[in-house]
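Undergrad: Submitted below is the structure of interest, expressed as structure tokens.
The values are calculated or read from the model by the stated rules, or taken from the named source; none is laboratory data. Keep in mind it's a predicted model, so treat the numbers as computed, not measured. All Cβ positions, glycine included, derive from the backbone under ideal geometry; neighbour counts span all protein chains shown. In case anyone asks, the SASA skips ligands and DNA or RNA and just uses the protein heavy atoms, side chains included. Shrake-Rupley method; radii C 1.70, N 1.55, O 1.52, S 1.80 Å.
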Amino acid sequence: MQRIVDFANERKWIPCAVLALFVVCFFGVFCLIRYSDGDDAIFDEMVSTRGFFEYLKFRYETWTGRMGGESMVYVVFRYGGIWFWRVVNALMVAALPLCLLNLCFISAGCSLASPWEKIRLFVLALSGYLLMDVMTFGHAAVWVNGSIFYTWSIVCGLLAATPAVKSVYAGGYRKWELAYAIPLGVVAAMSIEQIGASLVAFVLISLVTVWLRQRRIDTGLIAQAAIVMAAFAVLFVAPGNALRAEAEYVDWLPPEFRNLGAGGHMFLTFQWLVSSFANEGRLFFLGIWALGVMLLLRRGDKDFRWIVPAAVFGVTALLPFAHVNVFSDVGLYGIDPAVPLTKLPSWETMTVMNKVALFWWTAAVAFTVPFLWKVCKSLLPLLVFAGAVACEFVMHFSPTMYASGERVYYLTSILFLFVIVRMYMALDSEKWKNAFVASAVVAGLLNAAVQASVILSKMQG
């Protein structure tokens, strides 16, 4: 009884109420969502005619090794149905920022004291959804099978990474935590290649860090790493992977793609990667630059060699709101992800301004690396930032780089959000914290507003 009284007196119920409100709001939105007539309809038909293991065997041999995501898809489409998905997806979309915040708290070695700080951080983490391109969020969190493969799998991955983070930053973890971390790690590793690679890298880095700091071998993490890596390997050796890649080469790319040399292929990847940062990722870069400047100023470090470039890059990141795309169009604006590509982009077909935009954002990304070190003096933000970039670069090996890009940006955005939250937690001014969170929400709402026509068309469709 005393715990209940303390819970009420200390107003710990307020963050719970806010979380519940957002879950209800998400559920209300998802009540408007139905199965799509594309992949959702295909999944619905396939699972209705096959048993669970028969279905997994069929998919493994003919299409993909993503058995974790495929298992969740089977359960939802065969047994759960659309209403089950609506409830669970509302919980998952709310859980993702909570899991992200949990890892931020552990890595920062701090705990939250006030309900207001909990609410403020939760709102900041949720604003990450608004800062994304609407199609990125839609394909990875609102589309039925897309949300299962991405949002649900990322939640599994974040939970699976918890013992590894605790082993580095909290002095250890409870052994029972591996009971959920290992199976969830297997699901994450066998869902989307980006998620599996990120989780494997994180656990391995944690193992090495624990060894270097404490000269201690963590047998629990070794077991988790071995099992997750084995699951990841099973995903990659699936016979269906080659069949799927061949079909997608035919369906999504012109024949000349196969004749590209290594340099030409690398150019396509580089152009696409920079374009994603200049467009879908620009507000996350803006958040990193803005927080970096705030942290420098709070420390009394008015080194304009860092502040001025961050401010200039930040202004250009805002220009698309005014329909000024001179710094964001690198020559890919004419590509529709829903339509097969008939002509490959090339350096020769780029205009002078396309090339200026490409060089500008290349410089912006390159500047961000030493800027993060200058501001944070820690390897963690740099490693997460590098992981975010690597998550997109892996599309170099995929024939659906242009078609699947919107979903691919999702995990990158989540990792950028982790960097932003960790930088925000280093601020020592309540006013500056309030100002940044308010600015992030406003920028997110503005981002959603300028894409309102897209949102409405998708909701009506």
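Undergrad: Report, ordered by chain and residue number, the lysines lying within cross-link reach of residue 355, taken as a straight Cα distance under 28 Å and ignoring same-chain residues fewer than 8 apart.
TA: Correct list for residue 355: 343.
Undergrad: First measure r as the distance between the Cβ atoms of residue 98 and residue 325, then evaluate 1/(1 + (r/R0)^6) with R0 = 41 Å and state the FRET efficiency to the nearest 0.05.
TA: My answer for the efficiency is 0.70.
Undergrad: Using a 1.4 Å probe over the heavy atoms of the protein chains, calculate the carbon and sulfur portion of the accessible area of the range 255-307 as a whole percent.
TA: 61
Undergrad: Binning at 5 Å from 0, report for the range 356-461 what percent of all alpha-carbon pair distances ends up in each bin.
TA: Per 5 Å bin, starting at zero, the Cα-Cα P(r) for the range 356-461 comes out as 2, 9, 13, 17, 21, 18, 11, 6, 2, 0 percent.
Undergrad: Just to verify a number: what accessible area does residue 249 come out at with the full protein assembly present, 1.4 Å probe, Å² rounded to tens?
TA: Surface open to solvent at residue 249 totals about 60 Å².
Undergrad: Provide the packing ranking of 298-304, 270-276, 202-208, i.e. peptides ordered by the mean count of other C-beta atoms within 10 Å per residue, highest first.
TA: By packing density, highest mean first, the sequence is 270-276, 202-208, 298-304.
Undergrad: Further, regarding this structure: Could you name the aspartates and glutamates in cross-link range of residue 374, using Cα to Cα under 17 Å and dropping any fewer than eight places away on the same chain?
TA: The reachable aspartates and glutamates, counting only those whose Cα sits under 17 Å from residue 374, are 301, 303.
Undergrad: Multiplying the sequence separation of residue 344 and residue 396 by 0.36 nm and subtracting their Cα-Cα distance, what value in nm do you get?
TA: Result for the pair: 17.3 nm of gain on full extension.
Undergrad: On to the next question. Taking the Cα centre of each part, how many Å lie between the range 83-121 and the range 259-295?
TA: The range 83-121 and the range 259-295 have Cα centres spaced 27 Å from each other.
Undergrad: How fast does the range 282-432 diffuse by Stokes-Einstein, in µm²/s, taking the Kirkwood radius from C-alpha pairs at 10 °C and 1.306 mPa s?
TA: Rounded, D is 94 µm²/s.
Undergrad: Work through the residues other than residue 410 whose Cβ is under 15 Å from its Cβ and net out their charges, Lys, Arg +1 and Asp, Glu -1.
TA: Overall, the nearby charge balance is -4.
Undergrad: Determine the sum of side-chain charges near residue 234: Lys and Arg each +1, Asp and Glu each -1, restricted to other residues whose C-beta is under 14 angstrom from that of residue 234.
TA: Summing Lys and Arg as +1 and Asp and Glu as -1 gives 0.
Undergrad: For residue 20 and residue 170, what does the FRET efficiency come to when R0 = 25 Å and r is the distance between their Cβ atoms, rounded to the nearest 0.05?
TA: The calculated FRET efficiency here is 0.35.
Undergrad: Just subtract the alpha-carbon distance of residue 259 and residue 49 from 0.36 nm times their residue separation and send over the number in nm, one decimal.
TA: Additional length available on full extension: 71.6 nm.
Undergrad: Just to confirm a number: summing +1 for Lys and Arg and -1 for Asp and Glu over residues other than residue 328 whose beta-carbon lies under 15 angstrom from that of residue 328, what do you get?
TA: Every neighbour counted, the sum reads -1.
Undergrad: Considering only protein heavy atoms and a probe of 1.4 Å, how much of the accessible area of the range 101-237 is carbon and sulfur, as a whole percent?
TA: 72
Undergrad: Follow-up question, since we're still on this one. For the range 104-189, what class follows from the C-alpha gyration tensor (a ≥ b ≥ c being the square roots of its eigenvalues): rounded when a/c is under 1.5, otherwise prolate if a/b is larger than b/c, else oblate?
TA: oblate
Undergrad: Hey, rough spin-label estimate for residue 441 and residue 249, points 7 angstrom out along Cα→Cβ, what's it come to in nanometres?
TA: With each label placed 7 Å out from Cα toward Cβ, I get 5.1 nm.
Undergrad: State, as an integer percentage, the relative contact order of the range 124-204 based on alpha-carbon contacts under 8 Å between residues 6 or more apart.
TA: 27
Undergrad: Once you wrap a convex hull around the alpha carbon atoms of the chain, what is its projected area averaged over all directions, in nm²?
TA: With every direction weighted equally, the projected area is 23.8 nm².
Undergrad: Using packing as a proxy for protection, rank 140-150, 229-239, 14-24 so that the peptide with the highest average count of other Cβ atoms within 10 Å comes first.
TA: Final packing ranking: 140-150, 229-239, 14-24.
Undergrad: Rank 252, 347, 83 by accessible area, highest first, at a 1.4 Å probe radius?
TA: From most accessible down to least: 83, 347, 252.
Undergrad: Let a ≥ b ≥ c be the square roots of the eigenvalues of the Cα gyration tensor of the range 139-200; is it rounded (a/c under 1.5), or, if not, prolate (a/b larger than b/c) or oblate?
TA: It comes out prolate by the Cα gyration axes.
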